[in-house]
Structure formats: structure tokens, C-alpha cells
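Just below is one structure, and these are the notes that go with it.
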Amino acid sequence: MPDRTEDYNKPEVDVIIPVYKPGDGFKNILERLLKQTVPVRHIFLLQTLEEDGRLMEVPGGGIISVHPVLKKDFDHGGTRRYGAGLSDAEFILFMTHDAIPRNSRLIENLLVPMADKNIAISYGRQLASKDADILEKMTRIYNYPKESSVKSINDIEKLGIKTYFCSDVCAMYRRSVYEELGGFVEKTIFNEDMIMASKVIGAGYNIAYCADAGVIHSHSYTCLQQFKRNFDLGVSQKQYHEVFANISSEKEGAGYAKKVIKNLVKRRKIYKVFYFMLQCVFKLAGYKAGLNYDKLPEKFILKCTMNKGYWN
């Protein structure tokens, strides 16, 4: 590995955000990114468009640019790979259009672990919005704790699939390592971040979880949406079986379920226990179906997936 000293007085950071029908709050996200303590050099917006769609208008005085991606061509890995190709910055920060920087020190805090040149990815903490459901808040607490950490190949036995856990909702990549390892996979329905993280860990680099770098990001999925999301998760793990075959996801899921149920019972929210258990049934059913997608008829697959365009 290279030595661990580097000049971070003037880090070059570009932000890449895939965008599809963003809400009114997206302008707030851009404004917060433009007011960071470590200035961004450029923000590339990869706007997914219908055939007759129009590019959005953005502020930023030239710092922000919009690049069209036809909806039929969108791919979780390929589109982000395209975005990375637009940048030549030392660090690339990938975000989603619904992740709101908690404060002006998001980029500064993500850069702190990068002082160690063996850190290839630094990803931030996701916090549930104030009006999020209690189950969503618990999910965020479980996946994004208050304590920062660093994961390496030595953690696989202890952490299992969590070793590869990393989210492009807010994740900074060291360009040199990203390019060394070939970047994001071209074709994937989901999980491009964990697939990339597995390559990082396998090559002997480390991944930092930065709890001080916070974004507000949460969803309240219905049971059917949970089914579809986990169907796509199963598909990605099936297609990249060389990454996930020897690491169980179900064990991790079971551990999470036990902690949530225990917490809900402690809070005497028994009705939420039953709803959470129903969610778990839908999640597991979707995941199992995704693992066997190659045995399913196309019409059924299109009813199960969140990403219909992927199957064109």
C-alpha cells in the first residue's frame, strides 16, 4: 500500500447526484452543498428524463451542471459510472436527490478519515426525518449508529455482509482507488455501492463509516414496496453471487428483527410489532423471489421489481 501522508489543505471534491423528479426540497440540498466549509468544485446532476423531458434549471453560477440520462438507459451502476467519468477530482461524493446535508461540515467530516490513504470510501450517517415512522427511525439507528468505525477484510468473520455495507445515499470515494478497481459495475439493478465496497475490501483497502457526516434521509415503504425493494436486492445478489455467495444476508436480517421487536415491546408498541413482523414476511418473500428470478416468468418479474426499466 502507498504511504499514508498527503496534503489535504486543498482537497478537490466533486459531487455527483442522480436525479429523477426531485421534490421541492431539492433546491435546499443544492444550497447546503454550496455552503460547505470545504467548497465543492463541481456538482454534476445526472437527470433521468423521459423521451420528451426537459433539463432542470439550477443555481450555482456554473458550479452545477445538468447531464441528461434517458430513463430507458438508467442503471444504478452504469449511470453513476458515467457521472464519475465527468469528474477528475481527487474525491468523488455520491449522493441521492433526497439526502439533505445535516450541516455545513458534511464534506469536511467525510474527508477526515481520508487522511489515511488506505481508506478508499468514507460514507455518512443517515438520520430519519422528524416525521418518519418509528420503524424507519429504528432502521436508521441500527444501520447508522452514533459511533464512527473503520471496516477491513479482517472484519468479515465478525461482521459478515455488514463489512460491505456502504450507501451511495452519501458516500465519498477516493478517485485513485476507484479507478484502480475498475469503478462501478456497468449493469446492476441495485447494490452498486456494496458491490464496489466488496472490491475495495477484497483489494486490502478499508471503508470508513463517518457518524459525524450526517444527512437526513428516510422512507416509509409499504409492505408491497418492501417486497419489491428486497426482490431487487435478491436479484443483485444472485447476479453477483461471487460477492455474496459466502456471506449470509439472512443472518444479519434476523439479528436486526430481534432487536427491533425487543425495542418495540419495551416501548409497549405491540401493534407495531405485528406490523413489523408483516413487513419482515414481505421482505423475506421478496428477497427469496429475487434470488430465484431466473426461474420466474417475465410478466411476474415485472410485477415484483421496483426497476422495470432494468429488464428492457
Restricting segment 257-309 to residues that are among the aromatic types (Phe, Trp, Tyr) and under 21 Å from residue 222 (Cβ atoms), which is least open to solvent (accessible area, probe 1.4 Å)?
276
Considering segment 282-306, residues that are of a type in the set (A, V, I, L, M) and in contact (Cβ under 8 Å) with a residue 40 or more places away in the chain, and then whichever is nearest to residue 236 (Cα to Cα), we arrive at 291
Residues of segment 187-203 being open to solvent by less than 30 Å² (accessible area, probe 1.4 Å) and either touching a strand residue (DSSP E or B) at 6+ places or on another chain (Cβ under 9 Å) or small (Gly, Ala, Ser) (or both), in sequence order, are 193, 196, 197, 198, 200, 201
Spot the failing condition for residue 208; the list is (1) open to solvent by 20 Å² or more (accessible area, probe 1.4 Å); (2) within 27 Å of residue 110 (Cα to Cα), and only one is missed.
(1)
Could you look through segment 213-225, keep only residues that are among the hydrophobic types (A, V, I, L, M, F, W, C) and buried (at least 20 other Cβ atoms within 10 Å of the Cβ), and pick out the one that is farthest from residue 29 (Cα to Cα)?
213
What are the residues in segment 23-37 that are over 19 Å from residue 62 (Cβ atoms) and modelled with pLDDT of 90 or more, if any?
28, 37
Scan segment 106-118 and tell me whether some residue there is aliphatic (A, V, I, L, M) and surrounded by fewer than 17 Cβ atoms within 10 Å (Cβ to Cβ).
yes
Show me the strands (runs of 3 or more DSSP E) found entirely inside segment 95-212 where at least 3 residues are closer than 28 Å to residue 30 by Cα.
119-127, 170-174
For segment 78-99, enumerate the residues that are more than 18 Å from residue 181 (Cβ to Cβ) and open to solvent by 30 Å² or more (accessible area, probe 1.4 Å).
86, 97, 98
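Which count do you get for residues in segment 32-77 that are in a helix (DSSP H, G or I) and surrounded by fewer than 19 Cβ atoms within 10 Å (Cβ to Cβ)?
Result for segment 32-77: 4.
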If residue 234 satisfies every condition in (1) within 23 Å of residue 155 (Cβ to Cβ); (2) of a type in the set (Gly, Ala, Ser); (3) surrounded by 18 or more Cβ atoms within 10 Å (Cβ to Cβ) but one, which is the exception?
(1)
Please determine, by comparing only the residues of segment 142-185 that are closer than 21 Å to residue 279 by Cβ and surrounded by 15 or more Cβ atoms within 10 Å (Cβ to Cβ), which one is modelled with the lowest pLDDT.
161
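The values are calculated or read from the model by the stated rules, or taken from the named source; none is laboratory data. From a predicted model like this one, the values you see are computed outputs, not experimental measurements. Glycine gets a Cβ as well: all are built from the backbone with ideal geometry, and neighbour counts include every protein chain shown. Just the protein is used for accessible areas: all its heavy atoms, side chains included, with ligands, DNA and RNA removed. Shrake-Rupley method; radii C 1.70, N 1.55, O 1.52, S 1.80 Å.
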